[in-house]
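A.B. asks: Below is a structure I'd like to ask you about.
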Amino acid sequence: LQLKPDFNTQNWINQLGLKFIQTKNIGRLFVPDSFNIQSILDETPDFKMQFNCISSVPTFINFTDFPIDRLGVLVFENSNEEDNEKESIELVRSFKEDGNPGQAVALVSLSLANINSNQTNWPINYVVQFKSRLSRWKYFIVNNSLEEGTQFGLTGKGHELFSGPTTVELPNNAIANLFDSGSNLIPVKENSSNDLKLKRINSSHENTGDEILIEHLPNASPDALQSSGVNGKQEIFSAIYVYI
């Protein structure tokens, strides 16, 4: 994320001789020794520093729990209820509707009055915490090569989250075995903690055990989320198609 001061904040930084430097996801505001926050508050008691958070990843909002049916930005603010004696302070998060949010996915808004309130320890370290989007995972196993009636199962880390398989028909009329996480919502991540394997269940009387067909099933892709209406509500799900 690039932290970019808005127009008023950048002018304020320039006028007071401050310097804002960002390294990776950490932004630091440096002030001169002569900086007196109380004198600034006497002149502009309601001033807030505002930084637009701009992501270099087009699918960033897929990773985070943005509302799926509204346009807007996440807003992170320092409230006067926070304990400023902590080593780091997690900013209070809310969602602001905006029909034209532009490039920003989030806004960091820091009230000078709240920074100054009962502040004894410097520097102040604020933390912006995003939450992973949770989605329902659906594995569609399409059998193109094994004998008809082959039984499939899941094993490995996370298999207990899924029910099935059930037989479903895809939009292209193909038949698939569906494994569905249902109400067990899974965080969307680049590298999931699940490590699922697809097995063929041996239904014969021979005690040969089950055969692992795929050692590592693909994880849900963050840039391939889908939504559907369920009981009048929008539901996010991740469809993963596996062809045998």
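The values are calculated or read from the model by the stated rules, or taken from the named source; none is laboratory data. This one's a predicted model, so the numbers in the text were calculated from it and none came from an experiment. Here the Cβ positions follow ideal geometry from the backbone for every residue, glycine too, while neighbour counts run over all protein chains shown. Note: accessible area is taken over every heavy atom of the protein model, side chains too, but ligands, DNA and RNA are not part of it. Shrake-Rupley method; radii C 1.70, N 1.55, O 1.52, S 1.80 Å.
A.B. asks: Considering only residues of the stretch 97-108 that are surrounded by 10 or more Cβ atoms within 10 Å (Cβ to Cβ) and not β-branched (Val, Ile, Thr), which is modelled with the lowest pLDDT? Steps first, please.
C.D. replies: Going residue by residue through the stretch 97-108, those that are surrounded by 10 or more Cβ atoms within 10 Å (Cβ to Cβ) are 97-98, 101, 103-108.
When the remaining residues are screened for being not β-branched (Val, Ile, Thr), the result is 97-98, 101, 103-104, 106-107.
Details: 97: 80, 98: 77, 101: 68, 103: 81, 104: 86, 106: 91, 107: 92.
Checked the stretch 97-108; the qualifying residue modelled with the lowest pLDDT is 101.
A.B. asks: Which condition from (1) open to solvent by less than 40 Å² (accessible area, probe 1.4 Å); (2) hydrophobic (A, V, I, L, M, F, W, C); (3) within 30 Å of residue 233 (Cβ to Cβ) is the one that residue 92 breaks?
C.D. replies: Of everything listed in (1) open to solvent by less than 40 Å² (accessible area, probe 1.4 Å); (2) hydrophobic (A, V, I, L, M, F, W, C); (3) within 30 Å of residue 233 (Cβ to Cβ), residue 92 misses just condition (1).
A.B. asks: If you don't mind, another one. If residue 168 meets every condition in (1) part of a loop (DSSP other than H, G, I, E, B); (2) closer than 15 Å to residue 239 by Cα apart from one, which number is that one?
C.D. replies: Residue 168 satisfies all of (1) part of a loop (DSSP other than H, G, I, E, B); (2) closer than 15 Å to residue 239 by Cα except (1).
A.B. asks: Among the residues of the stretch 60-96, which ones are among the β-branched types (Val, Ile, Thr) and modelled with pLDDT under 80? Before the answer, list the steps.
C.D. replies: At the first step, the residues of the stretch 60-96 found to be among the β-branched types (Val, Ile, Thr) are 61, 64, 68, 73, 75, 89, 92.
Across the stretch 60-96, the qualifying residue is only 68.
A.B. asks: Identify the residue in the stretch 1-28 that is hydrophobic (A, V, I, L, M, F, W, C) and not in a loop (DSSP other than H, G, I, E, B) and, among all such residues, is most open to solvent (accessible area, probe 1.4 Å). It would help to see each step written out before you state the result.
C.D. replies: Taking the stretch 1-28 and keeping what is hydrophobic (A, V, I, L, M, F, W, C), we get 1, 3, 7, 12-13, 16, 18, 20-21, 26.
Next, only the ones that are not in a loop (DSSP other than H, G, I, E, B) stay: 3, 7, 12-13, 16, 20-21, 26.
Details: 3: 38, 7: 152, 12: 25, 13: 4, 16: 65, 20: 52, 21: 74, 26: 90 Å².
This residue is 7.
A.B. asks: I've got another one for you. Output the residues belonging to the stretch 59-78 that are open to solvent by 40 Å² or more (accessible area, probe 1.4 Å) and part of a strand (DSSP E or B).
C.D. replies: Passing the criteria: only 77.
A.B. asks: Every residue in the stretch 151-173 that is over 15 Å from residue 216 (Cα atoms) and either open to solvent by less than 50 Å² (accessible area, probe 1.4 Å) or among the small types (Gly, Ala, Ser) (or both), please.
C.D. replies: First pass over the stretch 151-173, keeping only residues over 15 Å from residue 216 (Cα atoms): 151, 160-173.
Listed by number, the residues that qualify are 162, 163, 164, 168, 170.
A.B. asks: Going through the stretch 41-58 one residue at a time, which ones are modelled with pLDDT of 85 or more and either at positive phi or open to solvent by less than 100 Å² (accessible area, probe 1.4 Å) (or both)?
C.D. replies: Within the stretch 41-58, 41, 44, 45, 47, 48, 49, 50, 51, 52, 53, 54, 55 qualify.
A.B. asks: For residues that are open to solvent by 40 Å² or more (accessible area, probe 1.4 Å) and farther than 30 Å from residue 28 by Cα, scanning just the stretch 122-137, find the one that is modelled with the highest pLDDT. I'd like the intermediate steps shown before the answer.
C.D. replies: Of all residues in the stretch 122-137, those open to solvent by 40 Å² or more (accessible area, probe 1.4 Å) come to 122-123, 125-132, 134, 136.
Then drop every residue that is not farther than 30 Å from residue 28 by Cα, which leaves 134, 136.
Values: 134: 87, 136: 90.
Looking at residues that are open to solvent by 40 Å² or more (accessible area, probe 1.4 Å) and farther than 30 Å from residue 28 by Cα, I get 136.
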